[in-house]
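For reference, the structure discussed in these notes is given below.
The values are calculated or read from the model by the stated rules, or taken from the named source; none is laboratory data. Quantities reported herein were computed from a predicted structural model and do not represent experimental measurements. Glycine gets a Cβ as well: all are built from the backbone with ideal geometry, and neighbour counts include every protein chain shown.
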Amino acid sequence: MLTQIQIHNFAIIEQLAIDFEQGLTVVTGETGAGKSIMIDALSLVLGDRADGSVIRADAKQADISAQFDIQQQAGVKAWLETQALEADDDCIIRRVISREGRSKSFINGRPVTLTMMRELGEQLVAIHGQHAHQALSKRSNQLDIVDNFGKLGANVSKVADLWSAWHELNKQHNELKLSEQERLDKKELLTYQVQEMDELGLSAEELDGIEDLHKRLSHQSELLLATDRHAHELYRSDSGSIYSRLNRAIADLDPLSALDPKLKPAIELLHSSVIQVQEAYQELDNYQQQIQQNPAELQQLEQRLSDLHQLARKHKIEIQNLMPQYLSLSEELASLNKSSDQLEALEVELKVAHEKFTEAAEGLSSKRKKAAKQLVKAVNHYLEQLGMQGGSIEVQFEALSIEQANSRGIDRVELMISANPGQPLQPLSKVASGGELSRMSLAIQVVTHSDTSIPCLIFDEVDVGIGGGTAEIVGNLLAELSNRAQVLCVTHQAQVAAKGSSHFYVSKSSKKQSTTTAIQKLQGLERTEEIARMIGGIEITEKTRRYAEEMLN
């Protein structure tokens, strides 16, 4: 379970440390206070991609860490041991993101890759965002729901591998089936194209940076003149340099600070400016020593760039794509170089690969249909509780022909819904309202995690579009789910917030130059007041407070 998260200089959070408990933790606050920022930070520490824009405006880097209790997580401990990382009862994951967009990742204090961080994060936390109900309407995601519910990951991976192997053999087979003359003509063209590229000696590193290098070399004179002029103005001028003028100002003002101490801040800033001017001059001086005008080098580079552009035009691509094009042509040439007597052996191999894929795909399809029946039964049970009496869903399967089959098998599924008794089943994306989609999404999330091995589940405003008695049932479902896993829920609904075993309130404060988010744990009367605010809005009456107390009790 998640036991603590520490956030420094992320978004509008300056510094935040939160301790979590088992059970259902609810997070509430005014709109715009930053309730979901904590979830965004946790997503980053679990391996999401990030750039410098996530860093607080006045900071150089963001630092986020999360601590987990993994005593009961044997699979997590085994993974940590496999990766040669410490694996005691606690696991600490940390992410540091710089203003330039670079990041460093750590698990238990040791540097790791972002991929490793993601692999571990997927075993520790499942985050359901506030737009999960929108993703539900996409058919590709609906197939994922069936596979995840049926725990068919291994079968799906096997089918994907067999499909890839079959299609690779099919590609080779088609290439070898070309007529001998076509094969020879194609081989001659490819041989010429590959040799032409070989003669240029292409490299990915050169192609990535050659245009930037050309731009710098072609502007060397301008760069040298500008840096020399400003270096002179900053430091070298004997009489009028900025450095000497700053020092004169310090010499004049420093004795006067004894007469009026209020001058000291200004003098300190002047001292700081002197240091910065020296450093700026040193940087410019170093830069001038590194950059040297070399007309011959520029001429050679321009010729090289011209040759590369000419070759790229032949292939109708950008020069950055020359290397992938070269590799692709080389692979195609190597394939054509296979002798035609390989065709018969390849046909036998292709037949076996096709049979293996078909067998595995049909087996996966059968398991999917069984899982879909169980999923429908469980979801319909929760839909009844969520106020959709008489509503039901079905998973409609469409069998794909072998020509239509893909890496996911021979199935295309679509969730069908009847929102009211007597209504025909129709595609979910066409008939469900926003509230119905939210309830459907929540029901599926509860069902798919009823037997979860993931210790921490996070729901970020998944109760959008739900209110009244249905919201109370949502709270009950989340509380029920928290008996099997730790549950964190960001919510606007008082009925949901009242079901939490612990409650955090997020607030935002603004000063002249900055905005900061803070979070506090609510207990006793504080929690009653927050529930009352969520019920009654701006003016909170005694009647509202009594109602809030009843909800909490």
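Residues to consider are E461, E480, E472; find the one that is more than 30 Å from D58 (Cα to Cα), within 34 Å of the chain's Cα centre (by Cα) and buried (at least 16 other Cβ atoms within 10 Å of the Cβ).
Values: E461 fails: more than 30 Å from D58 (Cα to Cα); E480 fails: buried (at least 16 other Cβ atoms within 10 Å of the Cβ).
Among E461, E480, E472, only E472 is more than 30 Å from D58 (Cα to Cα), within 34 Å of the chain's Cα centre (by Cα) and buried (at least 16 other Cβ atoms within 10 Å of the Cβ).
Report every pair of residues separated by at least 6 positions or lying on different chains whose Cβ atoms are under 6 Å apart, first residue within region 250-264 and in contact (Cβ under 8 Å) with a residue 24 or more places away in the chain, second surrounded by 10 or more Cβ atoms within 10 Å (Cβ to Cβ) and not in a loop (DSSP other than H, G, I, E, B).
As it stands, the answer is I250/L270, since those pairs meet every condition given.
Within the set of pairs 6 or more residues apart or between chains, which connect a residue that is farther than 13 Å from H173 by Cα inside region 340-365 to a residue that is surrounded by 14 or more Cβ atoms within 10 Å (Cβ to Cβ) and of a type in the set (G, A, S) with Cβ atoms less than 7 Å apart?
A361/A405; A361/G409; L364/G409; S365/G409
Which of the residues belonging to region 19-59 are surrounded by fewer than 19 Cβ atoms within 10 Å (Cβ to Cβ), at pLDDT 90 or above and not small (G, A, S)?
If the condition is that a residue be surrounded by fewer than 19 Cβ atoms within 10 Å (Cβ to Cβ), at pLDDT 90 or above and not small (G, A, S), then D19, E21, Q22 are the ones that fit.
If you check G363, G390, which single one turns out to be not in a helix (DSSP H, G or I) and not assigned by TED's automatic domain parsing to the domain that holds T470?
Details: G363 fails: not in a helix (DSSP H, G or I).
Going through G363, G390 in turn, just one is not in a helix (DSSP H, G or I) and not assigned by TED's automatic domain parsing to the domain that holds T470: G390.
From the list S514, S510, S502, exactly one residue is buried (at least 18 other Cβ atoms within 10 Å of the Cβ) and assigned by TED's automatic domain parsing to the domain that holds I70. Which is it? If you could, list the steps in order and put the result at the bottom.
Numbers: S514 fails: buried (at least 18 other Cβ atoms within 10 Å of the Cβ); S510 fails: buried (at least 18 other Cβ atoms within 10 Å of the Cβ).
Every option except S502 fails the conditions.
Need the failing condition index for E332 against (1) exposed (fewer than 13 other Cβ atoms within 10 Å of the Cβ); (2) of a type outside the set (G, A, S); (3) more than 33 Å from the chain's Cα centre (by Cα), just the number.
Against the list (1) exposed (fewer than 13 other Cβ atoms within 10 Å of the Cβ); (2) of a type outside the set (G, A, S); (3) more than 33 Å from the chain's Cα centre (by Cα), E332 comes up short only on (1).
So which strands (runs of 3 or more DSSP E) are wholly in region 53-135 and hold at least 1 residues that are touching a residue at least 60 places away in the same chain (Cβ under 8 Å)? Before the answer, list the steps.
Working: elements: 61-69, 90-98, 103-107, 110-112, 125-128.
Passing ranges, in order: 61-69, 90-98, 125-128.
Please indicate, with yes or no, whether at least one residue in region 4-11 is touching a Lys or Arg at 6+ places or on another chain (Cβ under 6 Å) and at pLDDT below 90. Can you show your working first?
Let us first name the residues in region 4-11 that are touching a Lys or Arg at 6+ places or on another chain (Cβ under 6 Å), namely 9.
Those still in the list that are at pLDDT below 90 too: none.
Looking for residues that are touching a Lys or Arg at 6+ places or on another chain (Cβ under 6 Å) and at pLDDT below 90, one finds none in region 4-11, hence no.
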